[in-house]
Amino acid sequence: LADDEDGFNLRAIRETTEKILECWHSAPTVWSDGGCGQATRASPQSQAFSRVRGLTATLGPGKLGPSIMVNIKRPPARMTVALLLTLGALLSCGDSLDTSYPPPEVPFDATLYDLIAGPIDRSSAFDVVAAQGLNLPRTVRVDQSENWDIAFAAIEGEPFFLPRGFFETLAPSAGILEMQGDFENITLLPGDSEFYEYEEPVPVNPGATYAIRSRPNPSLSLPCHIFLKMVVDSVGGDPMRISFRFLWNPNCDDTTVATGDGT
């Protein structure tokens, strides 16, 4: 592949990462100055190498551990009360045939760390399809699970969202789109898949709102996508990290979302 418009050679990035992973799995060697070298487990080079954390998912399906939920900040007490009231209302309808769930109205906060240089014990990917029904979206570590929709990484010092289709061994089944307009004013997300980016990196712009169309829910026999909107509150730090707020619709293929301003 030739360099893209921003001057990044994506093939070179993928090939270098695969070499790093091959070196990683031949412990106790590490990647250093373009090749494998000897190092102790506690060496800075070994720690830096481990942070790559399966960037191209070359471990393959079924070889990764279960996903975990970290970094999502719980809302204040008043928000928690509102959420509990909503859950109570849902449970009271358990005898009816109505399986729809009201979208949450209060945004949640989350943080993702740079996939390449971030701490290995911090999450760098976001699992949106997990939010179907009464569940929540969750941040995950890509070395522990393939169950995620987008990842965050700094490429040549610039922040990007990476759809799962960016990685050659993962299906391009989740998409992301930068929206026009303020987070609070957006209540309907595009439903057609053609509007979303499924393979190429998407620049992260502070203050911008993004729509995510999740991968199909793997636990269901029929296709079911979850739609989510997120607004980037901050990007920075060393290693780089991103903080954002998000709201979603917990119903299959429903693109309506709440304003997020409490109304």
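For the range 227-248, state whether one or more residues are over 20 Å from TYR113 (Cα atoms) and modelled with pLDDT under 95.
No, the conditions are met nowhere in the range 227-248.
Are any residues in the range 145-175 aliphatic (A, V, I, L, M) and closer than 19 Å to ASN205 by Cα, and if so, which ones? Even if it seems obvious, please write down each step before you answer.
Taking the range 145-175 first, the residues aliphatic (A, V, I, L, M) are 150-151, 153-155, 162, 170-171, 174.
Within the range 145-175, ILE150, ALA151, ALA153, ALA154, ILE155, LEU162 qualify.
How many residues are out of contact with any helix residue (DSSP H, G or I) (no Cβ under 6 Å at 6 or more places or on another chain), of a type outside the set (S, T, N, Q), more than 17 Å from ILE155 (Cβ to Cβ) and assigned to a loop (DSSP other than H, G, I, E, B) when one looks only at the range 216-249? Walk me through how you get there before you give the answer.
From the range 216-249, those out of contact with any helix residue (DSSP H, G or I) (no Cβ under 6 Å at 6 or more places or on another chain) are 216, 218-225, 227-230, 232-247, 249; that's our starting set.
Still in the list and also of a type outside the set (S, T, N, Q): 216, 218, 220, 222-225, 227-230, 232-233, 235-242, 244-247.
Those still in the list that are more than 17 Å from ILE155 (Cβ to Cβ) too: 216, 218, 220, 222-225, 227-230, 233, 244-247.
In the following step, the residues that additionally are assigned to a loop (DSSP other than H, G, I, E, B) were identified as 216, 218, 220, 222-225.
Summing the residues that are out of contact with any helix residue (DSSP H, G or I) (no Cβ under 6 Å at 6 or more places or on another chain), of a type outside the set (S, T, N, Q), more than 17 Å from ILE155 (Cβ to Cβ) and assigned to a loop (DSSP other than H, G, I, E, B) in the range 216-249 gives 7.
Across the range 233-247, what is the total count of residues that are surrounded by 21 or more Cβ atoms within 10 Å (Cβ to Cβ), touching a Ser or Thr at 6+ places or on another chain (Cβ under 9 Å) and of a type in the set (A, V, I, L, M, F, W, C)? Steps first, answer last, please.
Filtering the range 233-247 down to residues surrounded by 21 or more Cβ atoms within 10 Å (Cβ to Cβ) leaves 240-242, 244, 246-247.
Okay, now just the ones that are also touching a Ser or Thr at 6+ places or on another chain (Cβ under 9 Å), so 241-242, 244, 247.
Retained after the next criterion (residues that are of a type in the set (A, V, I, L, M, F, W, C)): 242, 244, 247.
Selection size over the range 233-247: 3.
Kindly list, by first and then second residue, each pair from a residue in the range 234-247 that is touching a residue at least 24 places away in the same chain (Cβ under 8 Å) to a residue that is assigned to a strand (DSSP E or B) and of a type in the set (D, E, K, R), limited to pairs with Cβ atoms under 7 Å and residues at least 6 apart or on different chains.
Filtered contacts from the range 234-247: SER243/ASP109; SER243/ASP233; PHE244/ASP233; ARG245/ASP109; ARG245/ASP233; PHE246/LYS229; LEU247/LYS229.
The values are calculated or read from the model by the stated rules, or taken from the named source; none is laboratory data. Keep in mind the model is a prediction, meaning the values are calculated, not measured. Ideal geometry is used to build each Cβ from the backbone, glycine not excepted, and the neighbour counts take in all protein chains shown.
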